[in-house]
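Before any comments, here is the structure.
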Amino acid sequence: MALWVAMCMNAATWTLAASLIALGMNWIQALFTIVLANLIILIPMLLNSHAGAKHGISFPVFARAAYGVRGANLPAVMRGLVACGWFGIQTWFGGLGLNLALGAAIGPVWSEATPVDLGPIGIVPLTTLACYLACVIAQVAVIAKGFDSLRRFQAIAAPVVIGAAAVLIVVLLIQTGGNLGPVMLQPSELGWGTRFWFVVFPISLMANIAFWSTLSLNMPDFTRFAQNQQAQRRGQSWGLPATMLVVSLMAILATSLAAERYSVDPSLLWNPDALVAHFDNRLAVIVGALIIVLSSFQVNMAANLVSAALDFTHALPKVLNFRRGVLVTVALGTLVLPWKLLASPESYVFVWLGFYGGVMGAVGGVLVADYWLVRRTELNVPELFRFNGCYHFNNGWNIRAVIATAIGVVFAVGGAYSTIGPDGVKTGPFPPDGLIPILRPLYDFNWLIAFLVAMVAYWLLAAHKHHRHHTVAFDPVTS
């Protein structure tokens, strides 16, 4: 539960409600969408977490049962690539915070730097780009000192960030005399009819499910240390949905109060750095901005940087060690150009969250089908560490798992499309009619389609091929 509280309190989570309100929802619709999404993703998360708590194995090892001892590198690398994207996004939030702190400390010379057109990189102020690179270096430096330094950092950062958010809301409530501000009173532009339920809600729900879909795969990395199944079920069942509800509500309330306090359009205050920039006191701006940096670091290093580096190292052990894996993660996370992904709510929700959610959903469906439907939670753990054992399949690959994953991905994101903005410009790289036009309607339900299609496909492909020796529980005598 403490892990989830720490991971949910960050700038990316803070802006989730903003993205939904920017699409026309009111705050009640946005909260409803976020909470429902987290209750849904909690189901595969608990199902996959069971293997960690029961067998004491990490995600890449768990994946060997379904994909094979070599094939497990496929879901591990897929999950690692998504983590790279999130590393870039979270580090960009940290860079914005650091840029704000330096601007408040140095003055207009820094804060009013002119944006420069860097071609394919985009139009970015060089000062902000420098702060992004500084945040990259700082995180790599913490990781380089070992996992103990990371644990100590998180132990300090988590309570500071949560306490700061609570203090912010209390101070704003006092300053506004209890007036909750315009966001809390803002009506829905979509209403509660067809446009909400059948146009905006489905893809917004899938995007919010996708937000934690990577963690739904690799939670065995954490639950292998749980005392028992009840402990991990209770901690996650309360920790994830409740914390996401509280953080999203705090974001909505803080933005609304700040809009009332500073007489500013709420849409200009959704990013934490924009809100902090309106503080009246320079020292408060500096402290608030540095807390944004802390919040980005605390989730980024554990959930993205470390996990991606381990996934890549697991896939290419002869080429990469952990430190090289960290550098690969940093490079790929920067090449994603996170500032472009965050440029509009449409690109963030429809392109980034929507597309990778469909891909991760397919992997989740295969893992759940293999562990629960085919193997009935029984694994021969020593065989997971043997190249020529019962999880060898075909040269280390279970082709049925790969086929099922591919089927799920095609059905989920084959119809990926981009919307057309008010200015007539596409909000993403996909054609408006979809990559495969006939599959376009399915893209609005991408994660759900991927999960269910891949799960059923794997079950149909693998059930009749499954042999009893694949499910023999570990016997210390015979093994």
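How many residues are among the small types (Gly, Ala, Ser), assigned to a helix (DSSP H, G or I) and within 18 Å of residue 302 (Cα to Cα) if we restrict to the range 109-146?
Looking only at that region, the number is 3.
Kindly list, by first and then second residue, each pair from a residue in the range 137-150 that is farther than 16 Å from residue 329 by Cβ to a residue that is modelled with pLDDT of 80 or more and in a helix (DSSP H, G or I), limited to pairs with Cβ atoms under 7 Å and residues at least 6 apart or on different chains.
As it stands, the answer is 149/142, since those pairs meet every condition given.
Restricting to the range 57-94, and then to whatever is surrounded by 24 or more Cβ atoms within 10 Å (Cβ to Cβ) and basic (Lys, Arg), can you tell me which residue is nearest to residue 336 (Cα to Cα)?
Of everything passing the filter in the range 57-94, 79 is nearest to residue 336 (Cα to Cα).
Please tell me if residue 127 is surrounded by 20 or more Cβ atoms within 10 Å (Cβ to Cβ), closer than 26 Å to residue 285 by Cα, among the hydroxyl-bearing types (Ser, Thr, Tyr) and free of Cβ contacts under 8 Å to residues at least 60 places away in the same chain.
So residue 127 passes the test.
Inspect all residues belonging to the range 299-319 and state whether any of them is modelled with pLDDT under 85, under 22 Å from residue 417 (Cα atoms), buried (at least 18 other Cβ atoms within 10 Å of the Cβ) and not hydroxyl-bearing (Ser, Thr, Tyr).
Among the residues of the range 299-319, not one is modelled with pLDDT under 85, under 22 Å from residue 417 (Cα atoms), buried (at least 18 other Cβ atoms within 10 Å of the Cβ) and not hydroxyl-bearing (Ser, Thr, Tyr), which makes the answer no.
Could you please find all residues in the range 167-184 being without any contact (Cβ under 8 Å) to a residue 40 or more places away in the chain and either crowded, with 17+ Cβ neighbours inside 10 Å or under 22 Å from residue 297 (Cα atoms) (or both)?
167
Those residues that are within 12 Å of residue 381 (Cβ to Cβ) and surrounded by fewer than 21 Cβ atoms within 10 Å (Cβ to Cβ), I need them from the range 47-56; list them, please.
54, 56, listed by residue number.
Give the range 1-14 a look and list any residue that's surrounded by fewer than 22 Cβ atoms within 10 Å (Cβ to Cβ) and either touching a strand residue (DSSP E or B) at 6+ places or on another chain (Cβ under 7 Å) or not in a helix (DSSP H, G or I) (or both), or say none.
1
Quick test for you: out of 216, 204, pick the one residue that is touching a Leu at 6+ places or on another chain (Cβ under 6 Å) and either buried (at least 16 other Cβ atoms within 10 Å of the Cβ) or on the phi > 0 side of the Ramachandran plot (or both).
So the residue among 216, 204 that is touching a Leu at 6+ places or on another chain (Cβ under 6 Å) and either buried (at least 16 other Cβ atoms within 10 Å of the Cβ) or on the phi > 0 side of the Ramachandran plot (or both) is 204.
Anything in the range 166-199 that is farther than 19 Å from residue 267 by Cα, at pLDDT 90 or above and aliphatic (A, V, I, L, M)? List them, or say none.
166, 167, 170, 171, 173, 174
Determine the pairs where a residue that is over 22 Å from residue 390 (Cα atoms) and in contact (Cβ under 8 Å) with a residue 40 or more places away in the chain, located within the range 44-62, has a partner that is hydrophobic (A, V, I, L, M, F, W, C) and part of a helix (DSSP H, G or I) with Cβ atoms under 7 Å apart, the partner being 6 or more residues away or on another chain.
Correct list of pairs: 44/368; 44/451; 45/215; 47/368; 47/372.
The values are calculated or read from the model by the stated rules, or taken from the named source; none is laboratory data. Nothing here was measured: the structure is a model prediction, and the numbers come from that model. Positions of Cβ are generated from backbone atoms using ideal geometry, with glycine treated the same way; all protein chains shown enter the neighbour counts.
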